[in-house]
Every structure is written in C-alpha cells, then in structure tokens.
Protein chains: 4
Amino acid sequence: MEGAATIHVDINCDLGEGFGVYRLGPDERLLKVVSSANVACGFHAGDPSIMRRTVGTARDCGAAVGAHPGYLDLVGFGRREMRVAPDEVEDMVIYQVGALAAMARAEGVRLAHVKAHGALYNQAARDPALAEALARAVAAVDRELILVGLPGSEILRAGLAAGLQVASEVFADRGYLADGRLAPRGGPGALVTDPVEVARRALLMVQEGKVVAVTGEEVAVKADTICVHGDSPGAAESAAALRSALEGAGLEVAPMRAPAAPAGGDA
Amino acid sequence: MEGAATIHVDINCDLGEGFGVYRLGPDERLLKVVSSANVACGFHAGDPSIMRRTVGTARDCGAAVGAHPGYLDLVGFGRREMRVAPDEVEDMVIYQVGALAAMARAEGVRLAHVKAHGALYNQAARDPALAEALARAVAAVDRELILVGLPGSEILRAGLAAGLQVASEVFADRGYLADGRLAPRGGPGALVTDPVEVARRALLMVQEGKVVAVTGEEVAVKADTICVHGDSPGAAESAAALRSALEGAGLEVAPMRAPAAPAGGDA
Amino acid sequence: MEGAATIHVDINCDLGEGFGVYRLGPDERLLKVVSSANVACGFHAGDPSIMRRTVGTARDCGAAVGAHPGYLDLVGFGRREMRVAPDEVEDMVIYQVGALAAMARAEGVRLAHVKAHGALYNQAARDPALAEALARAVAAVDRELILVGLPGSEILRAGLAAGLQVASEVFADRGYLADGRLAPRGGPGALVTDPVEVARRALLMVQEGKVVAVTGEEVAVKADTICVHGDSPGAAESAAALRSALEGAGLEVAPMRAPAAPAGGDA
Amino acid sequence: MEGAATIHVDINCDLGEGFGVYRLGPDERLLKVVSSANVACGFHAGDPSIMRRTVGTARDCGAAVGAHPGYLDLVGFGRREMRVAPDEVEDMVIYQVGALAAMARAEGVRLAHVKAHGALYNQAARDPALAEALARAVAAVDRELILVGLPGSEILRAGLAAGLQVASEVFADRGYLADGRLAPRGGPGALVTDPVEVARRALLMVQEGKVVAVTGEEVAVKADTICVHGDSPGAAESAAALRSALEGAGLEVAPMRAPAAPAGGDA
C-alpha cells in the first residue's frame, strides 16, 4: 500500500539510579512505558546488583538497554561539573560501559546505546575533547553501540567522526532557546508541566522536526529519542500519557535500534 | 621422539594495585618476569586509567592478562573478611571482570583468567556458596576464562562444576600445613625468604607435585601457576631469580593458556 | 512528698540516613516524636549536608543528638559484618563522632550520645575487643557522651569500664530469646507489628524491667531508651502511637540526658 | 636591649596523604624538619588511622597540627576542579576539620590551623563565595584556628572578615608572576630546583617581603609560612636545607601560632 511509512521514535529514561538500600524513581512502572533504559553504571548511581536487576526487568519489558556512565561522584549524583582530563574520561567510560555490558550478557541482553549522565553529558556536549574521549570509549567497547546526544552537540559530531551511529535526543518537557539549547532551569518556560502540551511538543518535534523556543522562534530539532525524567513526581504517569499520545498519532514507539536490524541507523 | 615433553608452568603476580596518585609495587619490572598478570579491577585497588596502562604494559611484555576482583574495600585493600551474600558476590565479580574485559578489548587484549583477591579469595576457598557465586560470575562473562584457586579449594571445585577451566595455584615463598593449607602468617615457617630455597620448593611443586609442610610431611599439590608477591621488598629480583631457576631446570614459563591454543587446558 | 517519682524513658531513632540525592525514612515527622536522634556520620549513610540538616531539625524539635557511626560500607548500609581490627574501629569511630560533633557545634548543639550502627553494633555487642575500642573512641572524643548498647552486651560493660555513662536499649517491636538476646529475624515471633502489643511490651519493659520471650519466659531487661525503626512503613505513625501510650501511662519521654543536668545518669 | 627582634617563620608541609596500604612522601623525616603539618582528612587522601598516626608523630616532633581538607575525590587526589555549591563546601570542611580535631584530641593535640587542599585551595583563592564558605566552616569548628591562604587571595580576605587569624603562605620553590600569582606549572621559571636559590628566595620573602617574578619585577609578598612539597624526590633533604638556611640567617622556625601564646597573631 502506498502512503507514508510509519514514523518510529524512541522514549528513553534514566533508570537503575538507586544505590545499596536507596531507591530513586518508579523503575518497574517506567520500564513498562519506555522503549530504552539508560542504566546507571555505579559511578554517579547504581551498584552491581541494581544494575543486574534493572537490566533483567528491562529485558522482560522489551525495553532496549543502554549504559548511562557518569562522573565518580555519588554524593553529587554526577551532576557537579568536574575538570577531568579527556583520557581519564575515556577510561572511566570504558570501565562503566564494560561493567554494564557484562551484566547485560549475564542477563542475555546486548547493550544498544550509551548516553552520558549529568555533568559529563553537559560538558561533553560543548567540549570537543571530552566528546571525542566519550566516542573513543564507546567505539573501544563495541562499535555497534549508538551514542546519544543533544542535536547539534559535540557528542553527536564526535560520534559520527568515530564511525558510530548516533541518536539525537529531545526533551518534550523542557523549554528551548532560539539557538537550540535547553532553556536554563529556573528561567521562564524552562519546564513544561502540562501533559497535553508535553505531548503536543513531542509530536511537533518528531513529526515536523521543530520546537517553538521560549522566545517564540521555531527551532529545527532532530528527534530520534525523547527523554522522560524518572525522578519527578508522577513520572510514570506522564511517560505513559506521552506514549499514548505518540501512538494515538500513529507513531511507533520502539528502541533506537530494532533488535532485528542491528545495522540500521535512525540517526 | 624420546624424552619427556617440556613442562610448562605459569608465574602470576597481582599488578595494577595502585589508585589515583598511589603506586604499589614495581609493576613495569615485574611484568618483564611474570607470565600472567592479575589486574586489580577498581574495588580493592586499581582505577580505570591504571587498569588500562597495566593491561597495555602486560600486552607489550607478552604476559597474559587476568582479572583480580575483590571486595569494595579500598581502605582495607580488600583484605578484610566481609559477610557478603553470594548473589552480591556474583554481581560484583561480573561488574569488575566486565570492566577489565572492556579495558582489555580497548588495548587489543582478551582476558585469560580470573583470580579473586584477598579476603574474597580466602573466603571463597572454603565457602561453597561463595565459590559457586564466583564461578557463576566468571562463566556469565566469558566461558573461556580460567578460574584460579588453591589446590583442593572450593573455588576449583565450583569452577569445574560450572564447566570452566581451572588453574591450581601454589606459593613457593609460603609454608604449608600438613593438610595442604598455607601456614598462617606469623607462625613458624610461614614465610620462605631465601631465594635458593624458594626456587627449590617451586621446582619440587612443579616437577614432582609436592611440598614439604612446616611439620615435615610431604603434601601433594598441583602447581599450574606459581604466585609471586609484588609488594615485598626486592619482589622483582626475587621473581626474576625464580624464573631463572625454573628455566634453568628446563621448564617453560608461559601463561596458563597459550594464546595459540585458547581451548587448551592446563588445569 | 509521697508518690512515685516520674519515670523517664527515651525514644531513639536512627536518622539522617540518606546520602546525596537519596532519602530514607520520614525524618521530619519522626523528629517530632522521638527524644533522641542517632545521626548517621557518613560511613554507612549520611553526608555532611544531610548531617547538618538533621542536627538542625533535631535541635528545632527538641530531640537530643547522638552519633551513629558505622562501617565504611555505603553499598551494604553498614549491615555486613566485617573483620576490622579493634584499633581501626577505634580510629574510625573517633573520626565519625568528631565529624558529627563539629557539625553539631556549627548548629549550636552538643552531642549527647553514641550508638554504633548495624554490623558494628552487633559485633561489638559480643566481642570485648571491639566493644573496648568503641568505648575508647567515645571517651577520647568527649567523656560526657553516653554510650548506648544492648542490656548485657559487651558495649555496656566496656563503656562502664571506660568511665562512660551508658544507656541500655530495648526494642519493643522485636521478640526476645530467653537469654535476653533478640530473636533472629525470620524466626517465629521475631517481629511485633501490632501497635497495641508494641506499646504493652514497651510499658512492661520500662515500668517493670521485663519482657516475655518468644518461648514464654520472663526476661529481665533494663530500658533506658526504646529504639524505634524509621525505615519501616508507617514508622512515624507507629512511633507516635508508642509515645502516646507511654505518656498516657504517666511516663515522661525525654532524652537520655536532660540538657539541664549534663552529669546526671539514667543508665 | 634595642636591636631587631627575632623574625619567626613557619615551614608547613602537606602530610598524612596516604590511604589504606598506600603511602605518599617521607612523612617521618619531613616531620623532623617542618614546624607545621597539614594533615589530610580522608576526602582527597588520608584515612582515620593514618590521620591519627600523623598527628601523633607531629606531636612527638613538636610540629603544630592543622587540617588539610579537600574535595571528596580520592582518585583525583583532590586536584580536579569541581563545581560544588558554597554551602556544600562549608559542610564538607566542617566535617573534615571536625574529624581531625577529634583525632587530635585523642592524641592530646589541639588543631592550630586549616589549609585547604588542591583544587579547593585554588578555587577558594579566587572565588569569594567559596572562600567565605571555607572561613565560615573554620569559624564554626573553632574560632582560634588560623586560616592559611595565598597572599592577596579571597581566602585571607574572607578569613579576616570572619574574625579569624590568617597566615599568608609563600612557595620558595615556585616562580611568581608580576601580579603575585604563581607562575603556571609547565611555563618558564615555574619551578625552582636549586636548593641554594630556593633558600635565597625564602630569605628574601621572609626578611624583605618580596620575590622576583619570572619576568623580573619585584613583587611584594607576606610570608608567614613557607610551604614545602612532600611528594617531590628529595623532599625531606630539600626541606632540611631550607630550614638550615633560614636558621643560619638568624630566623626562628616555629609554628604559625606558638603553643604558649594562643591568642597571638602572626597574620
């Protein structure tokens, strides 16, 4: 039959961010909604047993599993910027991705993607040397891994240069500046809380590749995967509403890389 | 052709046991002497960058690389016994071995073996549940890995039961009890310091499969690999002397598994 | 004047057991009910900022503040037994109590007591060398600190021998064995969940100095302070019910040491 | 009698920077030469037992003991700049100084000074908010503590504003820029290695309050205390040579605050 092919989009969420006796976010419920799980690897959050359980639950829910490496800063949850040499970033990412890859293997899962966490994600988005270190690390562990980053970021550029597949990530619940960056938290329009508006923005980003900035301009964005936040109140309900809205509009929510087509590229 | 086949024996040493700015032992010199390196994996010692450098140096020196996982106890160097549930031991070993395996891959090396460190090694030697957890972890990461343990220990038993190759480890510079266990440190004959005597004992263990206990009895031991200690004064010189003595007696010092025969078993 | 003097009893609870972004237990609500707060000191839980907030809230609620030192085992929450040398236990307790004492000073509070956490508490209860190390540490920091322990434990014995005031701790929601020890978790009668029964047991322990063992015998216990658990569901409500029952029976719930009488001893 | 009063100057050194089995620097020999020990407090280096031993040895050698708090970054030795909120800096400094103060009390010593370590020292030198957080922390623990910082730094300014005594620190083995800052490592003249030249520079700084910049200008510096580095090769010998040169020129090498005159101010 003629007609447009189905548009695929991924919904990703940071998961497994507990540590020891601590828990963070409704992981089990989120894993029933998202298509990709970014699993913390023990540095900013996560411990070996939580990693393993999270991978197993993701597998049971049909979500793709990716690594979510961060700075070695548990008390700051990896959100504090640090001046780390690129070589050290490379090594610590190899370490974390390798640890999770082994845990995934133990659960019969192959890692699909890598998304850096918190301050590492933000610093690598704008610092070419860190972005290249991140890409080198991912390529060293497994050249099939998809590297996730902000559209226009150094991470995507470095990933492509390293021969990796990349995925462009958008945030439906965050405001954007006219230059495509996220509006700083605390500023006007930084957070979008109305679920209907979140869904509307998500559709505009996925279907038409654009978002309206807080200052009114239309900004072009590529939306391979939509990030939902697991640690806000009502996170699981919001994520479910977003998924329903996307599917109601005829989109297919699926991991960045379909298991049956490992070489395919949505980035 | 007539004549006995060459006897192979491995010399292993714990390496890469620094952390951050700290260094422990003359790694570069030891790596020129030993045939197998047990590389610390970040829990009792080691950090990602030290792990990577150690793997690279081992590769350049022709030494086989193995993982040396331990308890998460940096301040105690993994030497303090802990009551850790077997499932947690399994997960933390998967984590550490996986992290090192990725680092090895980044350096073009495939891990050859796993030897637990310190208190984990000692507890798993006598506790079947811990030994089985250790063996399950190793098998989950890579079924080709050789599991190293004391002769007669639960580690070797559990490794064989899990379908792994195992290697029996001896200590030429330590005294033995009549039942085959190591003489407790601090007791009479616990340490052998004379290099000539160390070499003599090593040869007896490798060539004849026996050692003389501190109480005079002959004890049967299987010696696939001889452990040398890297943190004692003169460690590199002692290790070199031991290797010379072994080679002088016609033995071949080589990794537990020769690179060209990955499926071979010396255990 | 005729008439019985008012009986005082303390209610203590472990608090401030979050870390970084993690939270554990309804601290604010519990602090309105208990008379003594055992504040985690950063080793098994707690970080400097959480410690400070917890001390400040306890002060505002009129609760006495004590230190709750534990093993350096965040991932195991200090609940895993470890073989630590007594000298190391002494030093790590001085470190933790000193850190919290400084935090308390910054908030205008003087530490009142010390109660070891988890595995350290349990091991020191039965091991004289650890108990003496704990008592030496407390005495080294401040000889006015009250040392809390199980009735009949090595901790109380060592505290008295070191010239410290001690407080005998009971658990109204736990079953007891005929020898005065707690019934092992998982066994019959180990947990008492009915609030009415918990209050009844508490009154019997405080007013008559006895508890009925799971096997029916009456066991003598000294009850200077009753521990309530902050991490069970409904913890704040249970604690409030217990306090109401105690006060309804004419007892005064107050810290182990009244601020106005620092040299007084209820132990 | 008329005539110049004896000039006092302090020599300080970072000490106790090992961790667990690791050692850094010849502490015992350095403690025979310096007059003030900056003792690591467990975050960037140091553990409770090393802290205690270092304090005890310093006491036996007659050196004053100060706290050397740093970022919680053992793998980076506290040298990596981090973006930490001022309130968190304040709390983590209270924690560390309090822990060492308790350890000192256990060894019969009262802390004399506080000098921040590494990246915290550098960032607080130029960031008023961090410097004020540092000064608040020190004042909260003990108002008699001397706060050490670079001449002209925000640390000294904030310390004075908080009512603390401050001490101005110079580096005889480092080059200076014309604006009084240290010449960046790696640049021309950044390091002075000739012991005779180091001593000459130290005398000029202490006696005449000036140093010659790498570009030739004379720069005014206040020299209450001279820092010697413990981790360079020959550190103990260099420090001894410096002390000899200072004493040979008639200066008295003594702690920043003489034990007999706790209210005295050399800052």
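Quick one: in region C:237-255, which of the residues that are surrounded by fewer than 21 Cβ atoms within 10 Å (Cβ to Cβ) and aliphatic (A, V, I, L, M) is farthest from the chain's Cα centre (by Cα)?
C:249
If the requirement is being touching a helix residue (DSSP H, G or I) at 6+ places or on another chain (Cβ under 8 Å), touching a residue at least 60 places away in the same chain (Cβ under 8 Å) and either open to solvent by 30 Å² or more (accessible area, probe 1.4 Å) or more than 9 Å from chain B (Cβ to nearest Cβ) (or both), which of these qualifies: A:133, A:129, A:64? Let's see the steps before the verdict.
On the way: A:133 fails: touching a residue at least 60 places away in the same chain (Cβ under 8 Å); A:129 fails: touching a residue at least 60 places away in the same chain (Cβ under 8 Å).
Matching residue, one of A:133, A:129, A:64: A:64.
Output the number of the condition that residue B:162 fails; it satisfies all remaining conditions of (1) more than 18 Å from the chain's Cα centre (by Cα); (2) at pLDDT below 95.
Here residue B:162 clears every test but (2).
Determine if region C:48-58 includes at least one residue that is open to solvent by 10 Å² or more (accessible area, probe 1.4 Å) and away from chain D (no Cβ under 14 Å).
Scanning region C:48-58, I find at least one residue that is open to solvent by 10 Å² or more (accessible area, probe 1.4 Å) and away from chain D (no Cβ under 14 Å), so the answer is yes.
Would a scan of region D:68-75 turn up a residue that is farther than 22 Å from residue A:74 by Cα and either free of Cβ contacts under 8 Å to residues at least 40 places away in the same chain or part of a helix (DSSP H, G or I) (or both)?
No, every residue in region D:68-75 fails to be farther than 22 Å from residue A:74 by Cα and either free of Cβ contacts under 8 Å to residues at least 40 places away in the same chain or part of a helix (DSSP H, G or I) (or both).
For residues that are of a type outside the set (Gly, Ala, Ser) and away from chain B (no Cβ under 11 Å), scanning just region A:109-119, find the one that is nearest to the chain's Cα centre (by Cα).
A:115
With the condition kept exactly as written, say whether any residue in region C:102-116 is touching a residue at least 60 places away in the same chain (Cβ under 8 Å), touching a Ser or Thr at 6+ places or on another chain (Cβ under 8 Å) and not in a helix (DSSP H, G or I).
Within region C:102-116, one or more residues are touching a residue at least 60 places away in the same chain (Cβ under 8 Å), touching a Ser or Thr at 6+ places or on another chain (Cβ under 8 Å) and not in a helix (DSSP H, G or I).
Regarding residue B:79, is this residue in a loop (DSSP other than H, G, I, E, B) and in contact (Cβ under 8 Å) with a residue 40 or more places away in the chain?
Yes: the conditions hold for residue B:79.
Looking only at region A:1-23, filter to residues that are modelled with pLDDT under 95 and either out of contact with any strand residue (DSSP E or B) (no Cβ under 9 Å at 6 or more places or on another chain) or part of a loop (DSSP other than H, G, I, E, B) (or both); which one of those is nearest to residue B:88 (Cα to Cα)?
Applying the filter and picking the extreme gives A:7.
Considering only residues that are touching a helix residue (DSSP H, G or I) at 6+ places or on another chain (Cβ under 9 Å) and over 27 Å from residue C:247 (Cβ atoms), which ones fall in region C:23-45?
The answer is C:23, C:40, C:41, C:42, C:43, C:44.
Give me the residue from region C:160-215 that is touching a Pro at 6+ places or on another chain (Cβ under 9 Å) and among the hydrophobic types (A, V, I, L, M, F, W, C) and, out of that set, farthest from residue C:237 (Cα to Cα).
C:177
Kindly provide the set of residues from region D:210-243 that are touching a strand residue (DSSP E or B) at 6+ places or on another chain (Cβ under 6 Å), more than 16 Å from residue D:12 (Cβ to Cβ) and part of a loop (DSSP other than H, G, I, E, B), ordered by number.
Listed by number, the list holds a single entry, D:213.
Looking at region A:67-108, which of its residues are closer than 18 Å to residue B:42 by Cβ, crowded, with 24+ Cβ neighbours inside 10 Å, within 14 Å of chain B (Cβ to nearest Cβ) and small (Gly, Ala, Ser)?
A:67, A:70, A:98, A:99, A:101, A:102
State yes or no: is residue D:222 without any contact (Cβ under 8 Å) to a residue 24 or more places away in the chain, basic (Lys, Arg) and touching a helix residue (DSSP H, G or I) at 6+ places or on another chain (Cβ under 9 Å)?
Spelling it out, it is not the case that residue D:222 is without any contact (Cβ under 8 Å) to a residue 24 or more places away in the chain, basic (Lys, Arg) and touching a helix residue (DSSP H, G or I) at 6+ places or on another chain (Cβ under 9 Å).
Restricting attention to region A:1-43, and to residues there that are more than 14 Å from chain C (Cβ to nearest Cβ) and of a type in the set (Ser, Thr, Tyr), which single residue is most open to solvent (accessible area, probe 1.4 Å)?
Of everything passing the filter in region A:1-43, A:6 is most open to solvent (accessible area, probe 1.4 Å).
Which ones in region C:137-191 are in contact (Cβ under 8 Å) with a residue 60 or more places away in the chain and open to solvent by 50 Å² or more (accessible area, probe 1.4 Å)?
C:144
The values are calculated or read from the model by the stated rules, or taken from the named source; none is laboratory data. Since the model is a prediction, treat every value here as computed from it, not as a measurement. So basically every Cβ, Gly included, is an ideal-geometry build from the backbone, and we count neighbours across all protein chains shown. Accessible surface is based on the protein model in full, side chains and every heavy atom, while ligands, DNA and RNA are left aside. Shrake-Rupley method; radii C 1.70, N 1.55, O 1.52, S 1.80 Å.
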